[in-house]
Amino acid sequence: MSEHPPYVKPEKWHFPMRNRLISALTKGTIVIQCKEKSGSLITAYQALEQGKEVFAVAGSIFDPNSTGPARLIQQGAKLVHSTKKIF
């Protein structure tokens, strides 16, 4: 998915633009694991800005892949304890 024509070479800065489109097409976003600098976080922040629901799964404080969801929870994402909260 892209806002650019097929012949345009992918650039690093294109991916956040794509993530905005992805979040726009969803009812909500759930982040299970990601580091603090992750495309998943970009998508989640875009979803928050679009007024979409954002969910995050808290993980181990010793796992670097739990830092992203922890930050999202601090910034307003809904903490997921079970699938019932999502569906």
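The values are calculated or read from the model by the stated rules, or taken from the named source; none is laboratory data. The structure presented is a predicted model; accordingly, all values stated were derived computationally and were not measured. Cβ placement follows ideal geometry from the backbone for every residue including glycine, while neighbour counts extend to all protein chains displayed.
Here's the yes/no breakdown for (1) assigned to a loop (DSSP other than H, G, I, E, B); (2) at positive phi; (3) surrounded by fewer than 18 Cβ atoms within 10 Å (Cβ to Cβ):
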| residue | (1), (2), (3) |
| --- | --- |
| Pro6 | yes, no, yes |
| Pro10 | yes, no, yes |
| Gln33 | yes, no, yes |
| Gly51 | yes, yes, yes |
| Pro69 | no, no, no |
| Leu72 | no, no, no |
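Among the residues of the range 17-31, which ones are β-branched (Val, Ile, Thr) and part of a loop (DSSP other than H, G, I, E, B)?
Thr26
Report, by residue number, each residue of the range 31-87 that is closer than 20 Å to Arg20 by Cβ and in contact (Cβ under 8 Å) with a residue 40 or more places away in the chain.
If the condition is that a residue be closer than 20 Å to Arg20 by Cβ and in contact (Cβ under 8 Å) with a residue 40 or more places away in the chain, then Val31, Leu72, Ala77 are the ones that fit.
With the checklist (1) part of a helix (DSSP H, G or I); (2) surrounded by fewer than 18 Cβ atoms within 10 Å (Cβ to Cβ); (3) modelled with pLDDT of 90 or more in hand, flag the one item Gln46 doesn't pass.
(2)
Checking the conditions here, which among Gly28, Gly39 is modelled with pLDDT of 90 or more and out of contact with any Pro (no Cβ under 7 Å at 6 or more places or on another chain)?
Selected residue: Gly28, the only one of Gly28, Gly39 that is modelled with pLDDT of 90 or more and out of contact with any Pro (no Cβ under 7 Å at 6 or more places or on another chain).
Can you tell me which residue in the range 53-67 is farthest from Leu25 (Cα to Cα), limited to those that are of a type outside the set (Val, Ile, Thr) and assigned to a loop (DSSP other than H, G, I, E, B)?
Phe62
Given the structure, is Phe55 of a type in the set (Phe, Trp, Tyr) and touching a Lys or Arg at 6+ places or on another chain (Cβ under 9 Å)?
Answer is yes for this residue.
If you take the residues of the range 12-31 that are hydroxyl-bearing (Ser, Thr, Tyr) and under 27 Å from Asp63 (Cα atoms), which of them is surrounded by the fewest Cβ atoms within 10 Å (Cβ to Cβ)?
Taking the candidates together, the pick is Ser23.
Go through (1) closer than 18 Å to Leu79 by Cβ; (2) at pLDDT below 90 and name the single condition Cys34 misses.
Here Cys34 meets the rest and fails (2).
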